[in-house]
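Written out below as structure tokens is the structure these notes cover.
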Amino acid sequence: VPHPCAARVGDHRPFADLRRPERYNQPPMPKAPPATIEYLLDGGRLTLESLDAGLGKRVRVAVADSVWRRIEASEHAVRRIASSSAAAYGINTGFGHLCTKRNPPEQLTTLQTNLILSHAVGVGGSAPPEIVRWMMLFKVLALTHGVSGVSRKTVECLMGMLQADVLPVIPTQGSLGASGDLAPLAHMALPMIGHGVVAVDGARAPADEAFRRAGIEPVTLGPKEGLALVNGTQFMTAYAAVIVVRARRLLKQADVIGSMSLEGCAASVKPFDERLHRLRPHLGAIETAENVRRMMADSAILASHADCDRVQDPYSLRCIPQVHGAARDALRHAATVVDTEINSVTDNPLIFDNDEVISGGSFHGEPLALVLDYMAIALAELASISERRTYLLLSGVAGLPVLLIKDSGVNSGLMVLQYTSAALVSENKGLCTPASVDSIPTSLGQEDHVSMGARAAVKCLQVLENTETVLAIEQLCAAQALDFRAPLLPGVGPRLAHAEVRKDITHAAADRLFGDDIQMSLALLRSQRVLRAVEEKLG
């Protein structure tokens, strides 16, 4: 009889399916289309809170009449500039090193089309749909400021793509983060001129075919329009916004999961005393300590060891306010930068009153590159301290069974879950090498300092996802530990969290396919169900 894990050469089914062949024969569950959120662009700001409500949803955009008027005024200004005798960068000249080359009026459309074609040189994997939607949304928002010189028809083309959820396939490698995200934005713009590949409901198709099916008209680019589309930081900004939104959620969940581990390890609540933190008043630490105190209220486990002889807990328990709090403060700073960038104009040059053309460096991604590297480090620290708490839970602390299983020996228990956490924490360390400290000159020296913000963005998202998995593993182990504290009940927060976990994942009395448990715990974490259950009770 073949071993159940044996597979034929070329059989690439997932490991879980090899163990459970009945799963492999089931048809895939159809996915419901994502909900839709509409944003009205009327000259006001787009907030991170409104983006949080729209994460993962399809995007529709409406533009106020007053905004259309300033877009049209800017287009008319560019056309006047293009027909004048004065040189204007990117309008009637070449780009980058070719900025001294003048182009005659009859070649200006070709100039802009060639810019898109020549700059769409990205490679590597594709950006996720939620990144692409926000990238397009942020580009539309930037164009509504009315200083970029694009036509209404071009803006409406982008809006039509969003409404139909026709998403350009955008490679993640190839941007240096100055002059903005040239390659990713060129791939975004390719379908607008009848080229490139798009994704519709997850299936890829040539852009021209998808446009015909969706009833979207491609555009013929006027003066400066190609440059306005490819210049800017919207690729980096979309990544940064998604990371900030998800990281804000994750920080709350880290406090909830940390409180579960505190109770599972029968740790002290004294390190969370408000008086202690008022003497070192970092806001993040104060907020974290308050969260944990509220969650651990009414804890029978805490009361049961009030007079024990343990003087101090290990740092991974005792220093939750300091580590989680520092990550909170880092994210607070990052959110301010990202909020500013979302609502900014980052193409070049820009058109001001009296047809004045000003070239600057607003496309440079340094503000984003620095905070993306900072966020990666902060998130990696959340994973690092979480892995240490998982290790403690498995170590037999305060009377828990070693490896959180009663019949160890024949059972390995939850031992190897910590290996996975350790592997992801180690991977994060490599990913946290700052991208923003690097710069390689391009455009024959014209673009002699770049931010590498796109690289910072892509790897920061990977750090975030690794950290989510590490915390999901801790959530599994902490729930198992709380089972062994019965009949004593933890505080109200861990109690609610434990109950929500147990709706999906049963107690492990013996070894089983713990890889499935990790995926279920991760899905539970990303759904925010545990967090919502706690917040509904505690605020």
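The values are calculated or read from the model by the stated rules, or taken from the named source; none is laboratory data. This one's a predicted model, so the numbers in the text were calculated from it and none came from an experiment. Positions of Cβ are backbone-derived with ideal geometry, glycine not excepted, and every protein chain shown enters the neighbour counts. For accessibility, only protein heavy atoms count, side chains too; no ligands or nucleic acids. Shrake-Rupley method; radii C 1.70, N 1.55, O 1.52, S 1.80 Å.
Regarding ALA300, is this residue touching a residue at least 60 places away in the same chain (Cβ under 8 Å) and open to solvent by less than 30 Å² (accessible area, probe 1.4 Å)? For ALA300, the condition - touching a residue at least 60 places away in the same chain (Cβ under 8 Å) and open to solvent by less than 30 Å² (accessible area, probe 1.4 Å) - is not met.
Is one or more of the residues making up the stretch 215-225 modelled with pLDDT of 95 or more and either closer than 30 Å to VAL534 by Cβ or under 21 Å from the mean Cα position of the chain (by Cα) (or both)? Among the residues of the stretch 215-225, not one is modelled with pLDDT of 95 or more and either closer than 30 Å to VAL534 by Cβ or under 21 Å from the mean Cα position of the chain (by Cα) (or both), which makes the answer no.
The single residue among VAL256, VAL200, VAL311 that is surrounded by 15 or more Cβ atoms within 10 Å (Cβ to Cβ), more than 30 Å from ASN348 (Cβ to Cβ) and free of Cβ contacts under 8 Å to residues at least 40 places away in the same chain turns out to be VAL200.
The residues on offer are VAL345, VAL323, VAL292, and the sole one that is β-branched (Val, Ile, Thr), modelled with pLDDT of 95 or more and touching a His at 6+ places or on another chain (Cβ under 8 Å) is VAL345. Looking across the stretch 398-410 at every residue that is crowded, with 16+ Cβ neighbours inside 10 Å and in contact with a strand residue (DSSP E or B) (Cβ under 9 Å, 6 or more places away or on another chain), the one that is nearest to ARG310 (Cα to Cα) is identified as LEU403. The residues in the stretch 438-477 that are under 24 Å from GLY360 (Cβ atoms) and of a type in the set (A, V, I, L, M) can be counted, and the count is 7. Scan PRO184, PRO223 and give me the residue that is outside any helix (DSSP H, G or I) and either in contact with a Ser or Thr (Cβ under 6 Å, 6 or more places away or on another chain) or crowded, with 22+ Cβ neighbours inside 10 Å (or both). Answer to the check: PRO223.
This table checks each residue for (1) closer than 30 Å to THR100 by Cβ; (2) free of Cβ contacts under 8 Å to residues at least 40 places away in the same chain; (3) surrounded by 22 or more Cβ atoms within 10 Å (Cβ to Cβ); (4) in contact with a Pro (Cβ under 7 Å, 6 or more places away or on another chain).
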residue: SER412; (1), (2), (3), (4): no, no, no, no
residue: ASN428; (1), (2), (3), (4): no, no, yes, no
residue: PRO434; (1), (2), (3), (4): no, no, no, no
residue: ASP448; (1), (2), (3), (4): yes, yes, no, yes
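The condition (being open to solvent by less than 30 Å² (accessible area, probe 1.4 Å) and either modelled with pLDDT of 95 or more or more than 20 Å from ASP347 (Cα to Cα) (or both)) is satisfied by just one residue among LEU250, LEU276: LEU250.
Being farther than 30 Å from GLY202 by Cβ, touching a strand residue (DSSP E or B) at 6+ places or on another chain (Cβ under 9 Å) and not acidic (Asp, Glu) is a description that applies to VAL67.
Could we say that GLY453 is of a type outside the set (Ser, Thr, Tyr) and out of contact with any Asp or Glu (no Cβ under 8 Å at 6 or more places or on another chain) here?
no
Across the stretch 356-368, the number of residues qualifying as in contact (Cβ under 8 Å) with a residue 60 or more places away in the chain and either more than 14 Å from the chain's Cα centre (by Cα) or surrounded by fewer than 24 Cβ atoms within 10 Å (Cβ to Cβ) (or both) comes to 7.
Reported count of residues in the stretch 97-126, each being at pLDDT 90 or above, in a loop (DSSP other than H, G, I, E, B) and not hydrophobic (A, V, I, L, M, F, W, C), is 1.
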